[in-house]
Each structure stands twice: as structure tokens, then as C-alpha cells.
Amino acid sequence: MQFQSNCFRLNYHSCKNMTTKTTGTVGATLDKSGTCRWRVWAPLARNPKLILVDRSGKDELVLPLEPDANGYFIAEQQRVVSGQRYVIQLGQEQRRPDPASSSQPDGVHAPSAVWSPDGYEWTDIHWKGRSLQELVIYELHVGTFTREGTFAAAIGRLEQLRDLGVTAIELMPVGQFPGNRGWGYDGTYWFAVQHSYGGPTELQRFVDACHYLGLAVILDVVYNHFGPEGNYIAEFGPYFSDKHHTPWGNGIDFDEELSRPVRDFVLDNTRHWMRNFHIDGFRLDAIHAINDDSPTHILAEIKRVANEEAEQSGRLVLVIAESNLNDVKLLDSEGNGGYSLDAQWSDDFHHCVHALLTGERDGYYADFHEPASQLLKSLSNFFVHDGCYSQFRGANHGGPIGEHSGEKFIISIQTHDQVGNRAIGDRFGTLLSPKKQRLAAGLLLLSPNIPMLFMGEEYGETSPFPFFCDFGDEGIREAVRRGRREEFSSFAWQDTLPDPLAKETFESAILSWAWPSGTLANAIRNLYQELLRIRVSYPAFRNYRDRQAEFISAGSDSAREALVQLTRSDANNPNDQIITYFNLTDDRLKLPPPNNEDEKSLLLHSEESRFGGVASVNSNPLVLEPFAFVVFRLQRKEKS
């Protein structure tokens, strides 16, 4: 540590009072003439060099890295071609990949490769993006979405997602991670695109194909930690600080005296995805683990940069936070002390639905011991924990939503986290009866929020989505196995816990992508498709501000918290309403009699045979089967 400290003062003393962004971008930039420029922040290095190597790792050319301002170094070379391998030599023996490498075709420990984004000819010149209000998000893991596990193979399924009613694809992280199998949250090269998915040019082609079909692409980015294997970034500079701590160790340094280049590394990454890959939005992973006491929080600065890039490109870009804080400071404007983000995840809805339909009360589900009434609250106020006591946390949690409307909150009934962090990765397709699966879908897609589907959910996929990874370091491999065993040590199925390192665990997660006619999978997909068709067909679904959720009488005192009526109205015509009745119990319930003065038309009954049900949709008075729901359009007559 003493050597690093001395090196740091030698190379980085001019940075002490730096507050403004330095010019240029990090990594390798190859222009059309074949001239490549490298820029690396390496204040801990002494006389660093950039070495061009061939594909076997043999040295071809050694270039001095010349000092630039504030601990940066630069080099330039002509007649460089895309694919050229290179390493950065920090000391006598340390040869490392570029922290801002755009391509790691041979893995996290191998040399970086020069890559030019100009090699792909885009066809999306007229694409302007998707507004927040239009979003129906589909979370997709490239490696298990198809048998091939590549961007190229995923393109072949995009049209079916468009026809389903999806408007945006959310890609789980694609930054280079160890091995060929992983969720992506252990990435160590934020600028590189996972080689086993096809690499950077294939991601460009995937995004272009999405835009051709009218699908936006939201990228899951991890700015709260670096993965443990292939993580050499601390050898380059002081990226971490012991001021803040995260589940992965010391926090990334966003707020101490010399943090400006670290912040710029993140902002350059945001620009990289937008400029070179035409990304339409970002899901910022676990922002509660991004600690920053600066006057301007790094999240607010990410949003500013995204806005600047969006204005220059003429495309809409959205920045969405994954957060368990239940804090609308993320959404509030900077003028009101917030970060001005476009939307945030709202987990309370998921937890209510899951607790209600599975009966589970372990872990954070202990907070959802009254799931029916709490679900009603989430439909109205979005946050269940809005300052009230959380048994799981042992403290009051969250705050009210203020004036923010429903499109600011992303909800789900399944996600990679909620499924994959279970012991065996079991989905609703195996956890719930068909009736309950249908009810969950209706609650998700008829609620006054932005829905997100987890791949396969739309046809009741029964293949699990367990946690899997592909670390090469034996110490890390054993630590992962031990951690999983300890996490689920109190569960009966510990002995059958999947080995996260086994190839078979990964392969078990590959989607079946099948819904043959006459099967339950086909019926569930029919329901999702019809619900999504209804969402875009009636103006009330475009009004995220006006909603009313209440329990209504079902003719029995015992059913007091059984029948939910959700009313949504056309913002321009409050007399044009969509009313949905949800039966939250295993009892048959009667709906209230219709008002003959109003025009009421049935839009959907979850128990129709095309959705796998058996109920008569024309019964009068309508009897709602257990865990069923019905959707009406109500056009109230003006009173004279």
C-alpha cells in the first residue's frame, strides 16, 4: 500500500482541487482513417505502456503512454484495425486489459480488442424512442432467451414480442463478465459487450432490429460495484473508498476529493451506450448501493448527461432506478432536491401479489401479512411502506408518493431477482394454479402503473430461472457455493439446491418458448395478448393519475376484503371508465347489479375458455369464480 500511496502522489497531485470534468473519453477510439487513440486513467501507474499484441499474446509494438492532465495517459497509433489486441502495462510485470475496453473477445483476463462502432450501418434514422406512458417492458436474459444464447438468435423472436404487445426490451446486463454463463451483475468491463452473446457489433444489430419493429431497448447497467474476477481496476486508480460500504465491499468513490475521474468513467459509459448502441434507456441497478454525498448526486448527473445526449440525437432516452427505498427523491426535480429520474421500480406491488397468491411469509414477505388490504393500498398509493413500520427492517420505511402519477412506478409479478434469488428459481408457472396465474396477470396489466414482464411469464413458463455463474477462480467458485448453501440453510430443499457453477443449472433456465394450441401455455399467452390489446385500445389506460381502488360488498360479511373494484377514467372524459373486479379469494362472489342508466360492456372475463377457464361469461347476475377477474367499459350517461 505504501508503494501505491507514493505513486499516487507522484502522478496525481495536480488533481487535488479538480471539480470539473476533464476532456475526452476513456478507452480506445478508432477513426475511419485507421488512427487509434487510447486514453486511460492510471494515477497509480509509474511509466505505463500500451502494448499491441497478436491473438496469441505475443508483443507486436510497445507504445509509451504519455501523461495527460489529472492522472490520465494517452497514446496514438496509425494503421490500426478493428480487432487489434492490446494490453496496458502498469509496472514491471502487470499487464492488464483496458478498464474501458469496448471488447474482450477472449474473456476478462485476456487482452482487450480495439473496436470501431462505425463498422455497422444503422437503419433507425427515423426512430425517436418510446415515451414512458407507452412502455410495456419485457425483461430478457440473452443467454437463456434462446438455445443459442446470442443477440442474433434473439432477433428471431422479436416480432412475436411485438405482436404480443411489448413495446420495450430490457436487457439484463451485457457488460463483459467471467466465463460464458452468468446473469451479468458480476461484470468487470462496463464498456465491453459479453463475447458469448456475440460482442458489440451484434448488440448494435439487435438494437437496430428492435427499433425496426418499434421496440425500445432499455439496458440494465451496474454502477454500484465491479465483479470479483478479472477486476483489476483498483490497480489503475482509487476507484473505491472505505467511506461507504456495500454488500460487495467498499463502495465506488463518487464523493471524495479525487472522485471526479471515477464519476466521469460512469458518465462516459452512459454516453458510450447511447452513442454507439442507440440505447433508449437505462435501468440503474440497486441504486440504494450507490452512495454519494456530493452536492450533485451521481444519479442526477447521469440523468443530465442522458438528457444532453438525447437532445443531440433527437431521440427520447429514459433513466429508471431499481430501488427498494420507496423514496420519490429519485423522481423529484433537482430544483426540489431530487435527481429528476424518469421512473423507479416499485417492489411492494410484487410482494403483495406474491404473498397473496403463494401464502409465503418468509424474508421480506413477512411485511405482507395482510396482502389483500396491502394490495389495495399499492393500487392506490403505489408504495405500501410509505413511512410506516417494516417488520423485516425493524424500522419505519419509505415515504409518500407525493404528486407523482402511476407511470413513474414500474411494477412486476416476476423478475430475474424475485425468481432467481429463490432457492431453486421456481416461477409462477409451477408455483400457482392456472386461476392464480391469470389473476396475477390481470393485476399486473390492468394496474395504473408501467408493467414489466419477465421473459416466459407471458405463457406460464415452467422452466426455472435459478442463479448461475461461470467463475474460473476456484476460491470464488467455492465462496459462491458456500454463500448459496448458507443463504438457504434453513430450507427443507437445501439438499437439492442447484449448483450455480454447473452447466446444467444454466441450461435448465433456457426458455422452452412453446405454447402449442390447446395447452395451458397457449391459453395464458392469449390472456396476456388480449390484456395488452385492451391497454392500448381505451383512453382510460393512458391516464395514470386518476384511479380508485376499493373493496366492495360481495353479499357476504366474510368477503369484506375479497372483491376489489379498480376504476380508471379517461382524462378527457371522466364518464368513460374502465372498471375491473378482482376476486382475491377461493370463493365464488357475486358482482354488484348493473345500473340500467349506464352503458356497460364486458371487455374481458379471465375465465373464458380461450384463457383456459370454464365459466360462463353471460351469466346474470355475473358470478365471479375464485381468483377470477372481469373488465368492463362503463360509459356513464350525463345527468340532465
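The values are calculated or read from the model by the stated rules, or taken from the named source; none is laboratory data. None of these values were measured; they are calculated from a predicted model. Note: ideal-geometry Cβ built from the backbone for every residue, glycine included; neighbour counts use all protein chains shown.
Quick notes on this structure:
- Leading residue by the ranking (surrounded by the most Cβ atoms within 10 Å (Cβ to Cβ)) among those in the range 361-405 that are assigned to a helix (DSSP H, G or I) and among the charged types (D, E, K, R): ASP367
- Residue match in the range 293-302 (condition: polar (S, T, N, Q) and assigned to a helix (DSSP H, G or I)): no
- Residue list for the range 142-177, restricted to those being of a type outside the set (S, T, N, Q), assigned to a helix (DSSP H, G or I) and farther than 25 Å from VAL108 by Cβ: ILE155, LEU158, GLU159, LEU161, ARG162, ASP163, LEU164
- Of all residues in the range 483-537 being at pLDDT 95 or above and of a type in the set (Lys, Arg), the one that is nearest to ASP163 (Cα to Cα): ARG533
- Single condition PHE73 does not satisfy, out of (1) surrounded by 17 or more Cβ atoms within 10 Å (Cβ to Cβ); (2) touching a Cys at 6+ places or on another chain (Cβ under 7 Å): (2)
- Residue in the range 92-105 that is crowded, with 19+ Cβ neighbours inside 10 Å and part of a strand (DSSP E or B) present: yes
- Out of GLU229, GLU256, one residue alone is more than 20 Å from ASP470 (Cα to Cα) and among the acidic types (Asp, Glu). It is GLU256.
- Residue in the range 478-501 that is small (Gly, Ala, Ser) and in contact with a Ser or Thr (Cβ under 6 Å, 6 or more places away or on another chain) present: no
- The numbered conditions (1) assigned to a loop (DSSP other than H, G, I, E, B); (2) in contact with a His (Cβ under 8 Å, 6 or more places away or on another chain) are all true for GLU139 except (1).
- Conditions (1) of a type in the set (A, V, I, L, M, F, W, C); (2) under 20 Å from ASN522 (Cα atoms); (3) modelled with pLDDT under 95: number failed by LEU443: (3)
- Within the range 108-127, the set of residues being buried (at least 23 other Cβ atoms within 10 Å of the Cβ) and part of a loop (DSSP other than H, G, I, E, B) comprises VAL108, PRO111, VAL114, TRP115.
- Here is the figure for the range 303-325: residues that are outside any helix (DSSP H, G or I) and under 25 Å from GLY184 (Cα atoms) total 9.
- Of residues in the range 261-306 being basic (Lys, Arg) and surrounded by fewer than 22 Cβ atoms within 10 Å (Cβ to Cβ), the one nearest to the chain's Cα centre (by Cα): ARG271
- Any chance HIS225 is at pLDDT 95 or above, part of a loop (DSSP other than H, G, I, E, B), of a type outside the set (D, E, K, R) and in contact with a Phe, Trp or Tyr (Cβ under 9 Å, 6 or more places away or on another chain): yes
- Scope the range 460-481; condition in contact (Cβ under 8 Å) with a residue 60 or more places away in the chain and of a type in the set (Val, Ile, Thr); matching residues: ILE476
- Any chance LEU431 is touching a strand residue (DSSP E or B) at 6+ places or on another chain (Cβ under 9 Å), at pLDDT 95 or above and closer than 23 Å to ASN583 by Cβ: no
- Pairs, first closer than 17 Å to PHE191 by Cα in the range 27-42, second among the hydroxyl-bearing types (Ser, Thr, Tyr) and not in a strand (DSSP E or B), C-beta under 7 Å, six or more apart: GLY27/SER101; GLY27/SER102; ALA28/SER102; LEU30/SER82; LEU30/SER116; ARG39/THR25
- Yes/no for VAL217 being assigned to a strand (DSSP E or B) and at pLDDT 95 or above: yes
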